[in-house]
Amino acid sequence: MEEVPREARRDPAPAAEAAAVEPVAAETLITVDSPDAMRELGRRIAGLLRPGDLVLLTGELGAGKTTLTRGLGEGLGVRGAVTSPTFVIARVHPSLVGGPALVHVDAYRLGGGLDEMEDLDLDVSLPESVVVVEWGDGKVEELSDDRLHVVIARAVGHEEVLDDVREVSVRGVGTRWADGAALDALAVALSG
């Protein structure tokens with residue numbers, strides 16, 4: 001039996017289709033070493049956001065998704081304590097400074113996709129708000145062609161030293177994030 005080179009085994013069509021469906025514009029990787037640093041990252045990301053932005057947060061339980069969202073709320077200047085909306089599914093935090101409201105959604109307990117989330121009217125809230133969805137991957141991408149995907153992972157290493165350390169990937173998808181300058185500036189601001 002003849003060995004087929006790895007390149008020949010791959011079907012180029014699915015990769016091309018995936019690129020057409022989800023054009024990644026920019027990505028930056030940031031190391032966060034404490035809950036305070038995670039909140040600061042949220043404040044910095046808030047400075048990039050505007051009404052109509054969709055942010056998807058991914059990470060295991062306790063990774064820091066809600067902590068990051070607290071920072072987003074602080075940066076956006078919204079009313080109310082940002083806490084996990086796990087049992088109420090969604091919370092709306094109106095702006096205190098004339099900016100967009102923060103709609104914070106926890107899709108952890110929702111098994112379906114956008115159909116199951118339809119009752120939340122996220123499509124109605126999105127144009128004038130910043131919508132942040134924890135556990136939203138595979139569920140709400142259809143809401144916007146332009147979005148940020150934030151993936152938070154625990155750093156691997158000696159547990160006592162790295163317990164609070166997280167590796168955070170901030171990936172812009174769509175034309176809104178096409179030039180990559182905003183995410184590059186975010187990485188520079190946090191590294192200095």
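The values are calculated or read from the model by the stated rules, or taken from the named source; none is laboratory data. For clarity, every value in this text was computed on a predicted model and none was experimentally measured. So basically every Cβ, Gly included, is an ideal-geometry build from the backbone, and we count neighbours across all protein chains shown. Remember, those area values only see protein heavy atoms, side chains included, never the ligands or the DNA or RNA. Shrake-Rupley method; radii C 1.70, N 1.55, O 1.52, S 1.80 Å.
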Go through the residues of the range 9-27 one by one and say whether even a single one is touching a Leu at 6+ places or on another chain (Cβ under 8 Å) and either closer than 25 Å to residue 82 by Cβ or at pLDDT 55 or above (or both). yes
Exactly one of (1) at pLDDT 90 or above; (2) part of a strand (DSSP E or B); (3) crowded, with 18+ Cβ neighbours inside 10 Å is unmet by residue 75. Its number? (2)
Go through the range 122-143 and report how many residues are modelled with pLDDT of 85 or more and not in a helix (DSSP H, G or I). 7
What about residue 82, is it open to solvent by less than 50 Å² (accessible area, probe 1.4 Å), touching a Lys or Arg at 6+ places or on another chain (Cβ under 7 Å) and either farther than 13 Å from residue 130 by Cα or at pLDDT 90 or above (or both)? yes
I'm trying to understand the selection: among the residues of the range 24-37, which are part of a strand (DSSP E or B) and either among the small types (Gly, Ala, Ser) or open to solvent by 70 Å² or more (accessible area, probe 1.4 Å) (or both)? 24, 25, 26, 27, 29, 31
Hey, could you check the range 147-175 for residues that are touching a helix residue (DSSP H, G or I) at 6+ places or on another chain (Cβ under 9 Å) and either in a helix (DSSP H, G or I) or open to solvent by 40 Å² or more (accessible area, probe 1.4 Å) (or both) and say which is modelled with the highest pLDDT? 171
Residue list for the range 38-54, filter: under 22 Å from residue 165 (Cβ atoms) and open to solvent by less than 10 Å² (accessible area, probe 1.4 Å): 38, 41, 42, 45
Of all residues being farther than 15 Å from residue 57 by Cα and touching a strand residue (DSSP E or B) at 6+ places or on another chain (Cβ under 6 Å) in the range 88-121, which is modelled with the lowest pLDDT? Just the residue, please. 120
